[in-house]
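Worksheet: one structure, shown below.
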Amino acid sequence: MKTPPPTIDGIGPSSHRLPVGSWNTVFDFLLAHFPNVAGPDWVARMQQGHVTDETGAQITPHSLYRAGSCIYYYRKVESEPHIPFTAEILYEDDHLLAVDKPHFLPVIPAGRFLRESLLVRLKNSGRPESLVPIHRLDRATAGVVLFSVNPRTRGRYTALFRERKVRKVYEAMAATPAAASDFPITRRSRIVTGEPFFRMQEVAGEANAETQIHLLDLGATGTSTYELRPVSGKKHQLRLHMAALGIPILNDGLYPAYVTDTVAKDDFLRPLKLLAKSIAFEDPVSGKECFFETRRIL
């Protein structure tokens, strides 16, 4: 394919490499692989030209299945919940975009969120189709998130995170510790995927996650403020490490216990008390020292 399918209403196409299998048509495969998407919905997408192969040819309900070929399609979410909070642009140049993300808004389309994601909102505001986030920030967490604007320099920015050359600082609110004198604390553990699949867990073995935890303020009402400095970047690392210390972050519905109702339905009055406070690094393109800080407070 000479050029990828275009972005439509801020939404880029998803892709899937067809595996070896006994399906007669691509349509048969889609029905089997995506059981939650009804056949008439796929037919409607095909009729709109929203399912194509790697050559750009339109897929129809009768297109023969070819293992190894790649198909492109546009996701669709029915009854998508609206996130009533907005992001703020902190910095923008030809290579980098720094955004102050609110709680509850996912960075990229996932699950039941498509248009209600930071990436799609940014593209719909006029940012280029090449925009890509260069690090992870949970939907439940607010604060600074960085995007690559220019594909030619993207690798230089992602390398900063891979080589741990980015200094990230978070703030969190949790119960006041039994012994304030124990802080600062460095928590090291091995984090792997747990159950359900979107939860993480600590297991025995060589540590692959490290967080430096400082006590910033002893609250008078049993709640204190902490500064968290992750050395590694495992999914849910800060939430899991705080819970493991017996001081889970306030309003966390995943750790230490999985509260189904909290995950399934957002309570906008009770956001997770976790904030990506700042990000600092030496810009690999300009050589200048960069520092971006959220304007939000917990």
Check your understanding: How many Å² of accessible area per residue for the chain, probe 1.4 Å?
Key -> 52 Å²
**Study point:** Furthest towards positive pole of dipole, Thr193, Gly219, Ala172, structure part the range 164-247, Cβ charges
**Key:** Thr193
Exercise for review: Would you mind computing, in nm to one decimal, how far apart the modelled labels at Arg112 and Ala57 are, each placed 7 Å from Cα along Cα→Cβ?
Suggested key: 4.0 nm
Check your understanding: Looking at the range 183-234, which GluC sites (Glu not before Pro) are in a loop (DSSP not H, G, I, E or B) and have at most 13 other Cβ atoms within 10 Å?
Key -> Glu206
Check your understanding: Suppose every K and R has +1 on its Cβ and every D and E has -1 on its Cβ; what is the size of the dipole of the chain about the Cα centre, in Debye to the nearest 20?
Key -> 420 debye
Check your understanding: Given the Cα-Cα distance of Lys288 and His16 and 0.36 nm per residue of separation, how much length would full extension add, in nm?
Key -> 94.0 nm
Exercise for review: Taking every pair of Cα atoms in the chain, average 1/r, invert it to obtain the Kirkwood radius, and report Rg/Rh to two decimals.
Suggested key: 1.01
Check your understanding: For the range 151-194, with only Lys/Arg (+1) and Asp/Glu (-1) charged at the beta-carbon, what is the dipole magnitude about the Cα centre, in debye rounded to 20?
Key -> 520 debye
Check your understanding: Setting aside same-chain residues fewer than 8 positions from Lys234, which aspartates and glutamates have a Cα under 20 Å from its Cα?
Key -> Asp138, Glu163, Glu171, Glu195, Glu202, Glu206, Glu210, Asp252
Point to revise | Column: log10 I(q)/I(0), Debye, Cα scatterers of the range 1-63, q = 0.22, 0.23, 0.24, 0.25 Å⁻¹ | key: -1.03, -1.12, -1.20, -1.28
Point to revise | Most positive-pole-ward Cα, Thr294, Thr25, Gly111, against dipole of the chain from beta carbon charges | key: Thr25
Exercise for review: Based on the mean of other Cβ atoms within 10 Å per residue, sort peptides 172-185, 88-101 so the most packed one is first.
Suggested key: 88-101, 172-185
Study note, to complete from the structure: Put Arg239, Arg121 in order of accessible area, largest first, probe 1.4 Å, and you get Arg121, Arg239
Review point. What accessible area, in Å² to the nearest ten, does a 1.4 Å probe give for Cys70?
Key: 10 Å²
Review point. So how much accessible area does Arg139 have, in Å² to the nearest 10, using a 1.4 Å probe?
Key: 60 Å²
Revision key, fill the gap. Once normalised by the length of the range 141-298, the mean sequence separation of its alpha carbon contacts under 8 Å that are 6 or more apart gives a contact order in percent of 30 percent
Exercise for review: Could you give log10 I(q)/I(0) at q = 0.11, 0.21 Å⁻¹ for the range 162-298, computed by the Debye formula over C-alpha point scatterers of equal weight, without solvent?
Suggested key: -0.44, -1.37
Check your understanding: How many nm separate the modelled label positions at Val203 and Val231, each set 7 Å beyond the Cα in the direction of the Cβ?
Key -> 2.2 nm
Practice item. Quick one: what are the phi-derived ³J(HN,Hα) couplings along the range 268-276, Karplus 6.51/-1.76/1.60 with θ = phi - 60°, whole Hz, x for glycine and proline? Key: 5, 8, 10, x, 4, 7, 9, 9, 6
Point to revise | Sulfur and carbon atoms: percent of accessible area, the chain [1.4 Å] | key: 51 percent
Review point. Can you give the accessible area of Phe292 in Å² (nearest 10), computed on protein heavy atoms with a 1.4 Å probe?
Key: 20 Å²
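The values are calculated or read from the model by the stated rules, or taken from the named source; none is laboratory data. The structure presented is a predicted model; accordingly, all values stated were derived computationally and were not measured. All Cβ positions, glycine included, derive from the backbone under ideal geometry; neighbour counts span all protein chains shown. For the accessible areas, the whole protein counts, side chains as well, though only heavy atoms, and no ligand, DNA or RNA atoms are used. Shrake-Rupley method; radii C 1.70, N 1.55, O 1.52, S 1.80 Å.
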